[in-house]
Amino acid sequence: MKKNPDKSLYRIIDANFNRTKEGLRVCEDLCRYVWDQKTFTRTFKDIRHELTGIISGLNIIKVIEARHIQGDVGRATSVSETKRADLNAVFLANCQRIKESLRVLEEVTKLLDAKVSDKLKALRYKVYALEQKVIGLC
């Protein structure tokens, strides 16, 4: 059992906030540099900035202070993460990463602020719709 559940909660938020932003950036760059899709590039960027705004509504200092990289027992890369067939597979893997991380954020922020959780849910559904549109191009 953790001695400080509050710190653990913020640690989960930190990891998933970073994971989501990284995945969004990968998808944004694929739309920009590979598929030359200005609209989708902008939409991924807007979602990334919207996420930052949502998480900033929490105590971002607590989020960053909770980070514990050296003690992260799941830090090692799994074999499936080291292989991708092509850039479409990179896109799909990162969409999964985004959706899963947003869901974690949505669930844990229910403990802090239901309105933040609702905003994260809406963002997750935006990603579902955007992923479907982009897949139509790949």
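The values are calculated or read from the model by the stated rules, or taken from the named source; none is laboratory data. Note that the structure is a prediction, hence the values are computed from the model and not measured. So basically every Cβ, Gly included, is an ideal-geometry build from the backbone, and we count neighbours across all protein chains shown. Please note that ligands, DNA and RNA were not included when accessible areas were found on the heavy atoms of the full protein model with its side chains. Shrake-Rupley method; radii C 1.70, N 1.55, O 1.52, S 1.80 Å.
The slack in the chain from V34 to Y128, taken as 0.36 nm per residue of separation less the alpha-carbon distance, amounts to 31.8 nm. About the centre of its Cα atoms, the stretch 79-119 shows a dipole size close to 60 debye [charges on the beta carbon of Lys, Arg (+1) and Asp, Glu (-1) only; nearest 20 debye].
Our analysis of the chain gives Rg over Rh at 0.99, with the two radii drawn from alpha carbon positions and Rh computed by the Kirkwood formula.
Counting only protein chain heavy atoms and rolling a 1.4 Å probe, the accessible areas of R48, R32 rank, largest first, as R32, R48.
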